[in-house]
1. Only helical DSSP H runs with n ≥ 4 go in: add -39500 (n - 2.57) per run for the chain, normalise by residue count and round the 222 nm mean residue ellipticity to 500 deg cm²/dmol.
2. Around residue 57, which amide H atoms from residues at least 5 apart in sequence, or from another chain, sit under 5 Å from its own amide H, with H modelled in the peptide plane?
3. Would you look at the GNM of the chain, springs on alpha carbons closer than 10 Å, and say which of 28, 95, 37 moves the most?
4. Please compute the per residue accessible area over the chain with all protein chains in place, 1.4 Å probe, rounded to a whole number of Å².
5. Which one, 144, 114, 55, has the greatest fluctuation when you compute a Gaussian network model over the chain with C-alpha springs under 10 angstrom?
6. With θ taken as phi - 60° and the coefficients 6.51, -1.76 and 1.60, list the Karplus ³J(HN,Hα) couplings across region 6-23 in order, rounded to whole Hz; mark glycine and proline as x.
7. I'd like the carbon and sulfur percentage of the solvent accessible area for the chain, probe radius 1.4 Å, heavy atoms only, ligands and nucleic acids excluded.
8. If one takes the longest principal axis of the Cα atoms in the chain, at what angle in degrees, from 0 to 90 and to the nearest 10, does the Cα axis of helix 143-154 lie?
Amino acid sequence: MYVEVKILGLTVDSSSNTPVLILQSISGTDILSIWIGLIEAASIVSALQNKVFERPMTHDLFKQFVDYLNIRVSKIEVTDLVSNTYYGRIHFATGDHSFSLEARPSDAIAMAIRYNAPIFVAQDVFDKIEKGNDAYEMMDKSERGKQWAKILEEMDPDQFGKYKI
């Protein structure tokens, strides 16, 4: 089973200076934090802000190619979490044919924004996070890392909206 989510915000992990993409279930009950690369974060932010560059970024170039082939992105999914690594899938549709490709969730989400396609997360991913087992362990086990994890766990989802992307 999959849960539809929306992009709640984008922040930076102060201890590693790594961008963190925050997704929230449409129902508002589940939150997912995905540490992503700087280039993917820039691509996501530029798409959210409808910024157009003189030369296309990689995701824009891929969209131009997909559009040229009369294909569209119908949805994306965050499919699994294994050893602190998220897995994703981009679903494509063209005429009466559809197919999907495995992708990093950050790349898939960058494409979903460009196509205004829905984003889904497998319920199993949320379950793995809630269990707090080895499937989702904190990478930074220092005191500062523990404090950051506690802040994220206790943060009211409405607080994310206070920060401009």
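1. Details: 6 runs with 58 residues, N = 165.
Taking each H run of at least 4 residues, the total per residue is -10000 deg cm²/dmol.
2. none
3. Most flexible of the set in this elastic network: 95.
4. Numbers: 9920 Å² over 165 residues.
Value for the chain: 60 Å² per residue.
5. 55
6. Coupling constants for region 6-23: 10, 7, 8, x, 9, 9, 10, 6, 5, 7, 10, 6, 9, x, 10, 8, 10, 10 Hz.
7. On the way: 5150 of 9920 Å².
Carbon and sulfur together cover 52 percent of it.
8. 70 degrees
The values are calculated or read from the model by the stated rules, or taken from the named source; none is laboratory data. Just so it is clear, the model here is predicted, and its values are computed rather than measured. When we count neighbours, we look across all protein chains shown, and the Cβ atoms used for this are built from the backbone with ideal geometry, even at glycine. Calculation scope for accessible area: heavy atoms of the full protein, side chains included, ligands and nucleic acids excluded. Shrake-Rupley method; radii C 1.70, N 1.55, O 1.52, S 1.80 Å.
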